[in-house]
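The values are calculated or read from the model by the stated rules, or taken from the named source; none is laboratory data. Keep in mind that what you see is a predicted model, and the values were worked out from it rather than measured. Note: areas computed on protein heavy atoms with side chains; ligands, DNA, RNA excluded. Shrake-Rupley method; radii C 1.70, N 1.55, O 1.52, S 1.80 Å.
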Amino acid sequence: MSEPHFVTEELVAHWTGRPPSTIRRWGAEGRITRYEEHGLRKNGVRYNLMEIDPATHDEDGNVIPTPAPPLPGRVRIDNAA
């Protein structure tokens with residue numbers, strides 16, 4: 001596994017093509033790991049960029065946001081009948 005790269009919510013939002021509120025929700029739900037830096041109030045939470053997939057782009061350069069990571073303890077069923 002790659003070295004961890006701890007970054008702010010804003011950088012993760014840019015990386016994933018998602019709004020910062022989605023990143024906060026994913027952290028609260030346990031979809032991604034939150035790392036708290038003690039002594040910092042507002043911006044004390046960091047995320048490991050290496051555990052989150054980046055957004056992609058289509059042929060016109062439009063951002064295709066990262067799909068939501070799975071909820072912990074649940075299995076995602078795609079294309080269920």
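Things worth noting here:
- From the list R41, R18, R31, the one residue that fits, being at pLDDT below 90 and assigned to a loop (DSSP other than H, G, I, E, B), is R41.
- Odd one out for L11 among (1) open to solvent by 80 Å² or more (accessible area, probe 1.4 Å); (2) modelled with pLDDT under 95: (2)
- Residues being hydrophobic (A, V, I, L, M, F, W, C), open to solvent by less than 60 Å² (accessible area, probe 1.4 Å) and at pLDDT 95 or above - total across region 57-68: 0
- Flag for P54 being open to solvent by 40 Å² or more (accessible area, probe 1.4 Å), of a type outside the set (D, E, K, R), part of a loop (DSSP other than H, G, I, E, B) and modelled with pLDDT of 95 or more: yes
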